[in-house]
Amino acid sequence: MPEVVCRHPVAAPVEKVWDFVKHINNWAPMMTGYQSHEEKTDRESVWVLKGDVGMLSRTVTLGVLITDWSGPERVVFTLEGVGEAVSGGGSFEILACPSEEQSASEPAPPAPVQRSFFGRLLRRLFGFLYRRKYGVVPVSTASTSADCELVFTWRMEAGGGGE
């Protein structure tokens with residue numbers, strides 16, 4: 001099953017990031033191709049996404065189930081195609097950034113540059129979150145120190161025809 005992991009520093013405290021992530025209504029619309037979503041319960045929702053591949057366009061309905069709310073650190077979810085042979089899942093993990101003393105003794109590995117769908121998703125998510133709290137100042141300036149890091153993991157598998 002293909003998996004993408006995106007890491008992004010956030011110049012906001014863990015609690016503020018959790019206030020955003022803990023509500024699926026905040027992050028479902030950030031998905032590329034988002035058409036709509038419906039929250040069934042606090043753990044279940046249905047997303048409608050539209051994907052374009054070249055000249056082809058397809059709308060997919062996904063059932064989303066939150067399997068773990070471990071706030072303020074983590075949300076884990078599964079995805080299942082509604083009438084489609086698609087499945088997967090993912091998570092949001094909020095990691096507190098080490099203090100300057102810790103980072104000097106144990107340098108963190110550099111975060112990979114993400115130019116993919118998920119990288120764009122995270123950039124939009126964090127831009128929205130930052131603007132909501134601080135105004136229009138961008139979050140990705142070199143002089144801004146991060147209070148935490150949001151790690152987004154996404155796995156999807158498209159099923160084939162019959163067995």
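Within the range 25-57, the set of residues being at pLDDT 80 or above, under 20 Å from ARG155 (Cα atoms) and assigned to a loop (DSSP other than H, G, I, E, B) comprises GLY33, ARG43.
The condition of being surrounded by 14 or more Cβ atoms within 10 Å (Cβ to Cβ), modelled with pLDDT of 85 or more and in contact with a Ser or Thr (Cβ under 6 Å, 6 or more places away or on another chain) holds for only one of SER87, SER91, that being SER91.
Number of residues in the range 17-49 that are within 15 Å of VAL75 (Cα to Cα), surrounded by 16 or more Cβ atoms within 10 Å (Cβ to Cβ) and out of contact with any His (no Cβ under 8 Å at 6 or more places or on another chain) equals 7.
The values are calculated or read from the model by the stated rules, or taken from the named source; none is laboratory data. Quick caveat, the model's predicted, so the values are computed rather than measured. Ideal geometry is used to build each Cβ from the backbone, glycine not excepted, and the neighbour counts take in all protein chains shown.
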